[in-house]
Amino acid sequence: MKTAFVNGNVYLDRAWARDALVTVEQGRILAAQRGTEADEIVDLDGGWLVPGFIDVQVNGGGGVLLNDVPTVAGIAAIAAAHARFGTTAMLPTLISATPDVIAAALDATDEAISAGVPGCIGIHVEGPVLNAKRRGIHTEGNLRRLDDAMVDLLTRPRAGKVLFTIAPEYLHADQARALTGAGVVLAMGHSDADYETARAAFDMGVTGVTHLFNAMSALHHRNPGMVGAALENRTAWCGLIADGYHVHPAAMRVALASRPLDRFMLVTDAMPCVGSDLASFELDGREITVAEGRCVGADGTLAGASLDMAGAVRNAVDMAGLSVAQAVDMASVQPAEFLGLGAERGVIAAGYTADFVHLDRAMAPQATWIAGERAF
């Protein structure tokens with residue numbers, strides 16, 4: 001199938017083209033080049049065609065929270081809700097849960113991938129090995145130390161990617177070797193670790209920082225903390241929740257200026273309200289209120305986000321002063337690289353998965369294609 005995207009800006013192989021001809025075969029891009037002779041023509045009407053967004057932190061969407069519905073149906077509902085906002089690949093994310101729920105979510109993710117659920121490429125297990133002092137909205141009763149049983153559960157062969165967020169003060173070198181040796185991607189977060197401990201975790205194989213600034217020891221000029229270790233590091237990928245609530249725009253701009261831009265990625269930390277009209281929902285029996293674009297518990301603690309990836313890209317441009325290309329890379333190229341999928345996702349070019357999103361002139365999503373099929 002040859003499709004010409006015309007009358008707009010096409011991010012073709014990470015460079016802008018006015019028009020482009022994309023040939024798709026069996027879910028992959030066979031060819032992507034300038035041109036207009038095609039089987040189908042899509043008029044971008046002055047908008048943008050960019051690679052599909054990859055979100056590595058999606059707690060819920062479409063009225064569904066993964067913790068409550070760790071099933072194929074639950075994952076499919078979340079993925080479908082986010083496809084409306086340009087997300088073509090995602091890791092459904094489990095907020096600190098009991099071992100049986102973790103096991104169920106891991107198995108459901110395998111089943112979803114095997115069943116071909118569009119957009120599901122793995123799972124993010126956030127916690128439960130977190131520091132109670134920095135737990136945020138995570139239920140304290142679910143927190144626990146990393147033991148052999150959990151390492152065994154996380155290292156079993158899986159159909160997709162497994163991302164595991166852990167407080168680095170509770171990670172030992174032998175556990176890190178076992179996890180990374182089995183292909184688990186390690187990120188640090190919800191931590192009170194000092195600078196030295198965080199640096200040591202990077203040396204042990206941690207390659208990600210879950211929602212930089214949030215729920216971690218802060219930067220102080222005599223005690224750099226985990227934020228200081230992350231900003232100093234030049235190779236790990238840092239996630240940013242660009243909703244204007246989790247991170248002040250000035251802090252975001254300082255962070256982006258302090259280390260390689262290609263080591264940042266946008267995440268939504270989305271809750272069930274995204275893609276639904278929910279004004280509230282429950283997390284482990286606690287009511288979470290959705291108001292003015294924020295999700296908060298009764299005590300005012302931020303509880304995930306009411307953010308979609310298209311909104312995050314717009315905010316990265318408007319709040320952080322990034323170019324459209326830089327913001328899109330943070331939503332596509334960098335997450336793919338972080339997950340080890342940079343050779344097959346995140347770029348509109350020959351050989352890559354045929355995932356793209358049409359944004360209008362205001363950068364609002366108008367259409368989404370997953371593996372060449374229209375998903376929205």
Study note, to complete from the structure: Taking first residues from the range 84-102 that are farther than 15 Å from VAL56 by Cβ and second residues anywhere that are open to solvent by less than 10 Å² (accessible area, probe 1.4 Å) and among the charged types (D, E, K, R), the pairs with Cβ under 9 Å that are 6 or more apart or on different chains are SER96/GLU126
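Quick one: which strands (runs of 3 or more DSSP E) lie wholly within the range 1-107 and hold at least 3 residues that are under 22 Å from VAL324 (Cβ atoms)? I'd like the intermediate steps shown before the answer.
Numbers: elements: 2-6, 9-12, 15-17, 20-25, 28-33, 40-43, 48-51, 53-58, 87-95.
Because the criterion is at least 3 residues that are under 22 Å from VAL324 (Cβ atoms), the strands (runs of 3 or more DSSP E) in the range 1-107 that meet it are 2-6, 9-12, 15-17, 20-25, 28-33, 48-51, 53-58, 87-95.
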Review point. If you check every pair at least six apart or on different chains, which have Cβ atoms under 7 Å apart with a residue in the range 221-237 that is free of Cβ contacts under 8 Å to residues at least 24 places away in the same chain first and a residue that is assigned to a loop (DSSP other than H, G, I, E, B) and open to solvent by 40 Å² or more (accessible area, probe 1.4 Å) second?
Key: VAL227/PHE213; VAL227/ALA218; VAL227/LEU219
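Give the range 111-130 a look and list any residue that's open to solvent by 30 Å² or more (accessible area, probe 1.4 Å) and among the acidic types (Asp, Glu), or say none. Let's see the steps before the verdict.
The first filter runs over the range 111-130 and keeps only residues open to solvent by 30 Å² or more (accessible area, probe 1.4 Å), leaving 111, 113-116, 118.
Passing the criteria: only GLU111.
Would you mind finding the one in ARG156, ARG145, ARG177 that is closer than 22 Å to ILE113 by Cβ, at pLDDT 95 or above and surrounded by fewer than 17 Cβ atoms within 10 Å (Cβ to Cβ)?
Only one candidate passes the filter, namely ARG156.
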Review point. Which of the residues spanning the range 1-39 are surrounded by 19 or more Cβ atoms within 10 Å (Cβ to Cβ), farther than 20 Å from ASP329 by Cα and either basic (Lys, Arg) or under 26 Å from the mean Cα position of the chain (by Cα) (or both)?
Key: VAL24
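Here are some residues: GLY342, GLY300, GLY321. Which one is under 20 Å from ASP13 (Cα atoms), among the small types (Gly, Ala, Ser) and part of a loop (DSSP other than H, G, I, E, B)?
Values: GLY300 fails: under 20 Å from ASP13 (Cα atoms); GLY321 fails: under 20 Å from ASP13 (Cα atoms).
Exactly one of GLY342, GLY300, GLY321 is under 20 Å from ASP13 (Cα atoms), among the small types (Gly, Ala, Ser) and part of a loop (DSSP other than H, G, I, E, B), namely GLY342.
Against the definition (within 29 Å of HIS211 (Cα to Cα) and either open to solvent by less than 20 Å² (accessible area, probe 1.4 Å) or β-branched (Val, Ile, Thr) (or both)), how does VAL42 come out, yes or no? Break it down into steps so the answer makes sense when it comes.
Details: within 29 Å of HIS211 (Cα to Cα): no; either open to solvent by less than 20 Å² (accessible area, probe 1.4 Å) or β-branched (Val, Ile, Thr) (or both): yes.
Here the answer is no, as VAL42 does not meet what is asked.
For the range 266-296, which residues satisfy the criterion of being in a loop (DSSP other than H, G, I, E, B) and under 20 Å from GLY189 (Cα atoms)?
Passing the criteria: THR268, ASP269, MET271.
If only one of ALA279, ALA255, ALA215, ALA229 is within 16 Å of THR93 (Cβ to Cβ) and either modelled with pLDDT of 95 or more or surrounded by fewer than 19 Cβ atoms within 10 Å (Cβ to Cβ) (or both), which one is it?
On the way: ALA279 fails: within 16 Å of THR93 (Cβ to Cβ); ALA255 fails: within 16 Å of THR93 (Cβ to Cβ); ALA229 fails: within 16 Å of THR93 (Cβ to Cβ).
Residue meeting the stated conditions: ALA215.
The values are calculated or read from the model by the stated rules, or taken from the named source; none is laboratory data. None of these values were measured; they are calculated from a predicted model. Cβ atoms come from the backbone with ideal geometry, glycine included; neighbour counts cover every protein chain shown. Heads up: the accessible areas ignore ligands, DNA and RNA and are worked out on the full protein's heavy atoms, side chains in. Shrake-Rupley method; radii C 1.70, N 1.55, O 1.52, S 1.80 Å.
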